[in-house]
Amino acid sequence: MAARKILIGGGTGFIGRNLGELLLANGYEVTNIARMPGTNNISWSVLEVSGLPKKTCAVVNCAGQQFMDFSKSWTPGFKQNVQNSRVYTTQALAKAINHSEDKPKVYIVVTGVGAYEPSEFNKYDETSPTTGIDFFSRLVFEWEKAAYVDPPVRLVIIRSGAVLGRWGGMIKNMFLPFYFGFGGRIGTGKQYLPWIHIDDLIRLIHFAIENENVQGVLNGVAPHVITNDEFTKSFAKALKRPALVPVPETILDFLLNPERAMIMTKGQHVIPKRVLEYGFKYQYDDIDKACKEFAHIFPKKHPLK
């Protein structure tokens, strides 16, 4: 029987843990690369010394310092950590693949739609050029460049939008303010919000692992293109709460630094053209359906337990 071992960089994070649960349910053996010891975990230093576990069929990297960690100031040192935690981990996995005699069938790297220039007018699909004009687009450029291996294996780069789910990402940060009626749009609310439900993102990764024809850049976003204002109204409606407290852009610029705040105050109109062409089926293809799924203060089951 073909090897069904998968190595996940950042396997203990929001995306990685959900992905691990899905892969285990589908009969794969999962090994996580993480800073903390644990069952089925290895460290990045062990990876460097020992290489890939034998008979690894797929490698997935979703590691990275959370740049929206509001407890951290946007200092040059923190920005360097944000970059290194993405570029160096991606590079380390590429190096391990290069040195492996029994190479995996596919290498998947989850990056971000920050590759595309924020705009109220441009529309982006996977063929659109990236500009590298701001911190995040330059980061994604270096991040994706670090993924290439020689001799090549099948490479899939998933440029994820905001990942929506009850137990992580932006929903974890904003759930209580919205639940208590203090939610509201950000700035004018006209900025686009590329998004994807966590279940669809991990299913897309699983889809890319199992379909040998899938390769190259995929936009990991839902096909329902929305603005921040549309998301705000949908989430508030699902919670049965008002959302009448807008957050001025100037406040976020002051609190977070304009360079970081632009993730929330600016946006991109991104469509998953190649994802749909490959025939991937979304579970949560519109924002109302997605918001209803995670708009519960006490969900029946924590997906990470």
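The values are calculated or read from the model by the stated rules, or taken from the named source; none is laboratory data. Just so we're clear, the structure is a prediction, and the values are computed from it rather than from any experiment. Using ideal geometry, Cβ is built from the backbone for each residue, glycine included, and neighbour counts are taken over all protein chains shown. These area figures cover heavy atoms from the full protein model, side chains too; ligands, DNA and RNA do not enter into them. Shrake-Rupley method; radii C 1.70, N 1.55, O 1.52, S 1.80 Å.
Looking for whichever is assigned to a strand (DSSP E or B) and closer than 26 Å to residue 27 by Cα here; the options are 202, 209, 196. Which one fits?
None of the others qualify; the one that does is 196.
Restricting the search to region 9-37, which residues are hydroxyl-bearing (Ser, Thr, Tyr) and within 16 Å of residue 106 (Cβ to Cβ)?
Of everything in region 9-37, those that are hydroxyl-bearing (Ser, Thr, Tyr) and within 16 Å of residue 106 (Cβ to Cβ) turn out to be 28, 31.
Within the group 43, 50, which residue is open to solvent by 80 Å² or more (accessible area, probe 1.4 Å) and modelled with pLDDT under 95?
On inspection, the qualifying residue turns out to be 50.
Run down 25, 94 and say which single residue is more than 30 Å from residue 262 (Cα to Cα), open to solvent by 80 Å² or more (accessible area, probe 1.4 Å) and either out of contact with any His (no Cβ under 8 Å at 6 or more places or on another chain) or of a type in the set (A, V, I, L, M) (or both).
25
Would a scan of region 167-189 turn up a residue that is farther than 22 Å from residue 131 by Cα, assigned to a strand (DSSP E or B) and in contact with a Leu (Cβ under 8 Å, 6 or more places away or on another chain)?
yes
What residue, of 116, 88, 124, is open to solvent by 40 Å² or more (accessible area, probe 1.4 Å), within 18 Å of the chain's Cα centre (by Cα) and either over 23 Å from residue 255 (Cβ atoms) or not aliphatic (A, V, I, L, M) (or both)?
None of the others qualify; the one that does is 88.
What helices (runs of 4 or more DSSP H) lie completely within region 232-305 and have 1 or more residues being in contact with an Asp or Glu (Cβ under 6 Å, 6 or more places away or on another chain) and open to solvent by less than 40 Å² (accessible area, probe 1.4 Å)?
Fully inside region 232-305 and qualifying: 258-265.
Determine which single condition residue 229 fails, assuming it passes every other condition in (1) touching a Lys or Arg at 6+ places or on another chain (Cβ under 7 Å); (2) surrounded by fewer than 20 Cβ atoms within 10 Å (Cβ to Cβ); (3) not in a helix (DSSP H, G or I).
The single condition residue 229 does not satisfy is (3).
Considering each of 129, 151 in turn, give the residue that is at pLDDT below 95, surrounded by fewer than 14 Cβ atoms within 10 Å (Cβ to Cβ), over 30 Å from residue 238 (Cβ atoms) and touching a helix residue (DSSP H, G or I) at 6+ places or on another chain (Cβ under 9 Å).
151
Counting only residues that are of a type in the set (Asp, Glu) and within 25 Å of residue 145 (Cβ to Cβ), how many does region 13-64 have?
The number of residues fulfilling the criteria is 1.
Could you grab me the full set of residues in region 7-45 that are under 16 Å from residue 92 (Cα atoms), touching a residue at least 12 places away in the same chain (Cβ under 8 Å) and among the aliphatic types (A, V, I, L, M)?
7, 8, 33, 34
Considering only residues of region 154-188 that are open to solvent by 40 Å² or more (accessible area, probe 1.4 Å) and aliphatic (A, V, I, L, M), which is farthest from residue 211 (Cα to Cα)?
Within region 154-188, the match that is farthest from residue 211 (Cα to Cα) is 176.
Conditions first: (1) touching a helix residue (DSSP H, G or I) at 6+ places or on another chain (Cβ under 9 Å); (2) of a type in the set (Gly, Ala, Ser); (3) on the phi < 0 side of the Ramachandran plot. Residue 51 passes all but one, so which condition is the exception?
It is condition (3) that residue 51 fails.
Looking at this structure, is residue 5 at pLDDT 95 or above and open to solvent by 30 Å² or more (accessible area, probe 1.4 Å)?
Yes, satisfied.
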